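The values are calculated or read from the model by the stated rules, or taken from the named source; none is laboratory data. Remember, predicted model here, so these are calculated numbers, not experimental data. Note that each Cβ is placed from the backbone with ideal geometry, even for glycine, and that neighbours are counted across all protein chains shown. Just the protein is used for accessible areas: all its heavy atoms, side chains included, with ligands, DNA and RNA removed. Shrake-Rupley method; radii C 1.70, N 1.55, O 1.52, S 1.80 Å.
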Amino acid sequence: MKYNEAEHTLETDRLLLRPFRIEDAPEVTEYCNNYNIYRSTLSLPFPYSQDCAESWIAVHEQNFNCDRMYEFAVTDVKTGRLYGAIGISHQQSYHNGELAYWIGEAHWGQGYGTEAARAVIGFVFKEKQYHRVYARHFASNPASGAIMQKCGMSYEGTLKDQIYKNGTYEDIVYYGLLNPEG
């Protein structure tokens, strides 16, 4: 993973993780206005409007510059095609953060989520000196848990019936990883 501090980008073999731009809003809207994305995420609204995308993108730069949250567009390093999003909170007083991501349904199963997650974990451990990264997923979305496992995260527990969504209670599964450098 290569970090470009001036441009706030991370580069891997196949991906460029870059700041979102307002011109990404139509494609973000198209990806997120998908019931399958909505049902597998904790906080995306449905339906998802372009206003939602624009207001979400509008706060990214300030969040990054204030070290509150680091949010990236997951794009193809060669073509620039948008695949999804990944972000991590920065709980400065605790030296940790929660990793979250979504990949557009057309791009599921190609390893983009895992590659992006590994890059962001490396970034926060090396550049931001996090002690710990954690993530959570609905038990009904094991593919998200598989990404966490492939990144070396360890299962930490399941909160039973933690979230009420779409008329049913969902279990939330937690994973975590400590910075190997301390």
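Out of the residues in region 102-122 meeting the condition of being within 13 Å of I86 (Cα to Cα) and among the small types (G, A, S), tell me which one is surrounded by the most Cβ atoms within 10 Å (Cβ to Cβ). Lay out the reasoning, then the answer.
Our first condition is that a residue be within 13 Å of I86 (Cα to Cα); within region 102-122, this holds for 102-104, 112-121.
Among the residues that remain, those that are also among the small types (G, A, S) are: 104, 113, 116-117, 119.
Values: G104: 20, G113: 25, A116: 28, A117: 25, A119: 24.
Filtering first and then ranking leaves A116.
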- line: Of the candidates Y94, Y134, Y175, the one satisfying the condition of being open to solvent by 40 Å² or more (accessible area, probe 1.4 Å) and at pLDDT 95 or above is Y94
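Only residues that are in contact with a helix residue (DSSP H, G or I) (Cβ under 7 Å, 6 or more places away or on another chain) and surrounded by 14 or more Cβ atoms within 10 Å (Cβ to Cβ): list them for region 53-70, please. Break it down stepwise before answering.
Of the residues in region 53-70, the ones in contact with a helix residue (DSSP H, G or I) (Cβ under 7 Å, 6 or more places away or on another chain) are 53-54, 57, 67, 69-70.
Of everything in region 53-70, those that are in contact with a helix residue (DSSP H, G or I) (Cβ under 7 Å, 6 or more places away or on another chain) and surrounded by 14 or more Cβ atoms within 10 Å (Cβ to Cβ) turn out to be A53, E54, I57, M69, Y70.
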message: Looking for something of a type in the set (A, V, I, L, M), open to solvent by less than 20 Å² (accessible area, probe 1.4 Å), under 28 Å from R14 (Cβ atoms) and not in a loop (DSSP other than H, G, I, E, B) - is there at least one such residue anywhere in region 123-131?
response: yes
query: Only one of (1) more than 18 Å from Y134 (Cβ to Cβ); (2) modelled with pLDDT of 95 or more; (3) out of contact with any Cys (no Cβ under 8 Å at 6 or more places or on another chain) fails for A53. Which number is that?
result: (3)
- request: List every residue pair whose Cβ atoms lie under 7 Å apart, where the two residues are 6 or more positions apart in sequence or sit on different chains, the first residue falls within region 1-26 and is more than 17 Å from K78 (Cα to Cα), and the second residue, located anywhere, is in a loop (DSSP other than H, G, I, E, B) and open to solvent by less than 90 Å² (accessible area, probe 1.4 Å).
  value: H8/P19
- prompt: What are the residues in region 42-74 that are small (G, A, S) and more than 24 Å from E115 (Cα to Cα), if any?
  reply: S49, S55, A58
- prompt: What are the residues in region 148-166 that are open to solvent by less than 60 Å² (accessible area, probe 1.4 Å) and either over 29 Å from K128 (Cα atoms) or out of contact with any helix residue (DSSP H, G or I) (no Cβ under 9 Å at 6 or more places or on another chain) (or both), if any?
  reply: G157, T158, I163, K165
- prompt: Which of the residues spanning region 130-158 are more than 25 Å from I37 (Cβ to Cβ) and touching a residue at least 40 places away in the same chain (Cβ under 8 Å)?
  reply: Y130, H131, R132
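Do you know which of the residues in region 71-102 that are outside any loop (DSSP other than H, G, I, E, B) and touching a residue at least 60 places away in the same chain (Cβ under 8 Å) is nearest to the chain's Cα centre (by Cα)? First the steps, then the outcome.
Residues of region 71-102 outside any loop (DSSP other than H, G, I, E, B): 71-76, 82-89, 91-94, 96-102.
With the extra rule that they be touching a residue at least 60 places away in the same chain (Cβ under 8 Å), the set shrinks to 72, 75-76, 83, 85-86, 102.
Details: F72: 8, T75: 13, D76: 16, Y83: 12, A85: 6, I86: 3, W102: 6 Å.
Ranking the qualifying residues of region 71-102, first place goes to I86.
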